[in-house]
Amino acid sequence: MTAAAPSAAAPTLADVLAARRRGAGLVQTTPLIGSRFFSGLAGAELLLKLDCVQTTGSFKIRGAANAVGALPPGTAGVVCCSTGNHGRAVATAAQRAGLRAVVCLSEATPLAKREGVRAAGAELRVAGDDFAGQGQEAAQAEATRLAAAEGLVEISPFDDPFVIAGQGTIALELLETRPDLATILVPLSGGGLAGGIALAAKAIKPSIRIIGASMAQGAAMAASIAAGRVVDPGETPSLADALTGPIGPGNRWSFDLCRRLLDDVALVQETEIYRALQAIYFEDGIVCEGACVTGLAALTSGAAQPTRPPGPIAAVITGRNIDTRRHAAIMRGENVSLGDPRAGGLTVPGRPYHAADRPPAR
Ligand SMILES: *Cc1c(COP(=O)(O)O)cnc(C)c1O
């Protein structure tokens with residue numbers, strides 16, 4: 001069983017407005033703050049939308065609260081696969097509704113994220129033992145198996161109209177505060193976030209530009225948009241761990257939305273993600289996880305040109321669930337090892353942050 005009925009239609013602005021009502025009491029309206037540093041780099045006013053201070057430490061509660069809130073009475077419980085943040089969000093929304101929640105994760109899931117799921121009262125299943133490099137695919141298969149075996153409703157992290165509509169509530173907050181925004185930079189994985197933001201923002205302001213940003217290796221949505229059909233580039237470890245995993249051969253909603261509504265997709269290297277994590281910390285005092293800064297890294301590296309047309313830019317800072325030791329190591333400029341070296345692991349070379357290393361303002 002999946003959360004969306006087979007006849008469900010693609011979400012609209014009305015669904016995003018309904019999602020905001022369902023999320024009330026659980027979902028926070030998050031701050032939008034200016035960044036002098038990133039504005040200087042962009043050559044335009046740049047604002048940070050801080051969903052890293054959202055309930056559960058990521059925006060994923062927006063979609064989860066809406067999907068769980070829309071379940072029919074008598075639902076036995078929910079199950080999902082996740083890179084961590086969606087699982088914690090589903091667990092939190094289910095706990096509030098008094099429902100059982102099972103979360104399927106891969107072996108690659110950082111400790112901080114496993115603990116977040118457990119602390120929210122969910123049952124944890126770690127799939128992917130013998131699936132080196134395909135952990136998310138294994139977690140997905142396990143979630144679908146459990147849904148059938150135990151009569152649970154499966155809530156996709158990105159390919160569900162209720163989840164997409166929930167993530168779209170970010171666009172409502174952005175454009176209510178700053179109707180003059182010209183561009184929104186959005187970290188991109190399965191596309192629930194970018195698709196939801198794009199559909200809501202463009203319904204309100206058709207001229208707005210939405211730019212997705214992913215890591216260069218293993219970005220399934222970016223590769224699928226480029227190919228014009230769903231493709232699976234395989235999973236690669238990344239500092240942006242929340243952005244890894246396939247978008248599903250049976251993708252029904254998020255691929256079509258992203259393909260139609262994203263104006264551009266930028267790809268960034270691991271070293272650029274590393275530098276952007278340092279910059280947002282040392283320049284703006286913000287602790288966040290790697291996935292969040294792909295949009296900023298696209299700006300500093302020149303992979304995205306968000307000032308054409310000119311106008312204020314908002315970058316969505318999507319979560320703060322990073323292992324504190326890893327974050328501290330990056331702030332000290334140490335090398336970071338990702339994944340299992342026997343299965344495509346890699347090392348991101350470190351470098352201490354100095355203001356003098358700032359990329360030149362353009
Ligand atoms: C899930 C997630 C994303 C990407 O969202 P999609 O809807 O899968 O594109 C970005 N950042 C963080 C922190 C996430 O947890």
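The values are calculated or read from the model by the stated rules, or taken from the named source; none is laboratory data. If you're wondering where the values come from, they're calculated on a predicted model, not measured in any experiment. Every residue, glycine as well, gets a Cβ built from its backbone with ideal geometry; the counts of neighbours run over all protein chains shown. Areas reflect the complete protein model, heavy atoms only, side chains present, ligands, DNA and RNA absent. Shrake-Rupley method; radii C 1.70, N 1.55, O 1.52, S 1.80 Å.
Between Gly234, Phe255, Gly350, the Cα set farthest toward the positive side of the dipole of the chain (charges on each charged residue's Cβ, about the Cα centre) is that of Phe255. Entry comment: accessible area of region 180-295 is 30 Å² per residue, from protein heavy atoms only and a probe of 1.4 Å. Calculated accessible area for region 4-158 comes out at 39 Å² per residue, all protein chains present (probe 1.4 Å; ligands, DNA, RNA ignored).
Given the options Ala42, Ala213, Ala147, identify the residue whose Cα lies farthest towards the positive end of the charge dipole of the chain (+1 on Cβ of Lys, Arg; -1 on Cβ of Asp, Glu). Positive-end residue among those listed: Ala42. Counting Lys +1, Arg +1, Asp -1, Glu -1, what net charge surrounds Ile286 among other residues with beta carbon under 14 Å of its beta carbon? Every neighbour counted, the sum reads -1.
Taking Lys202 as the anchor, which lysines have their alpha carbon closer than 30 Å to its alpha carbon, excluding any fewer than eight residues away along the same chain? Of all the lysines, those that pass the test against Lys202 - Cα under 30 Å, at least 8 places apart if same chain - are Lys49, Lys60. Residues considered: Leu296, Leu71, Leu267. Largest GNM mean-square fluctuation over the chain, using C-alpha springs under 10 Å, is found at Leu71.
Counted over the chain, the DSSP beta bridges are approximately 20% antiparallel.
Put Glu272, Glu45 in order of accessible area, highest first, and with a 1.4 Å probe you get Glu45, Glu272. Couplings for region 331-339, taken from phi via the Karplus curve 6.51 cos²θ - 1.76 cosθ + 1.60 with θ = phi - 60°, read 5, 7, x, 7, 5, 10, 9, 10, x Hz in order; Gly and Pro are left as x.
From its DSSP helices (H runs of at least four residues, each -39,500 (n - 2.57)), the chain gives a residue-normalised ellipticity at 222 nm of -11500 deg cm²/dmol. Of Asp284, Asp15, Asp51, the residue with the largest accessible area leads and the full order is Asp15, Asp284, Asp51 (1.4 Å probe). Rounded to the nearest 20 debye, the dipole magnitude of region 54-119 is 100 debye, with +1 charges on Lys and Arg beta carbons, -1 on Asp and Glu beta carbons, and the Cα centre as origin.
Accessible area per residue was computed with a 1.4 Å probe on protein heavy atoms; Val53 scores about 80 Å². For Ala112, neighbours were defined as the other residues whose beta-carbon sits under 13 Å from its Cβ, and their charges (Lys and Arg +1, Asp and Glu -1) total +3.
Accessible surface of region 19-104, 1.4 Å probe: 51 percent of it comes from carbon and sulfur atoms. Provide the net charge surrounding Ala171, with neighbours chosen by a C-beta distance below 15 Å and charges set as Lys +1, Arg +1, Asp -1, Glu -1. Residues near Ala171 contribute +1 overall.
The relative contact order of region 142-231 comes to 26 percent, based on Cα pairs under 8 Å that sit 6 or more residues apart.
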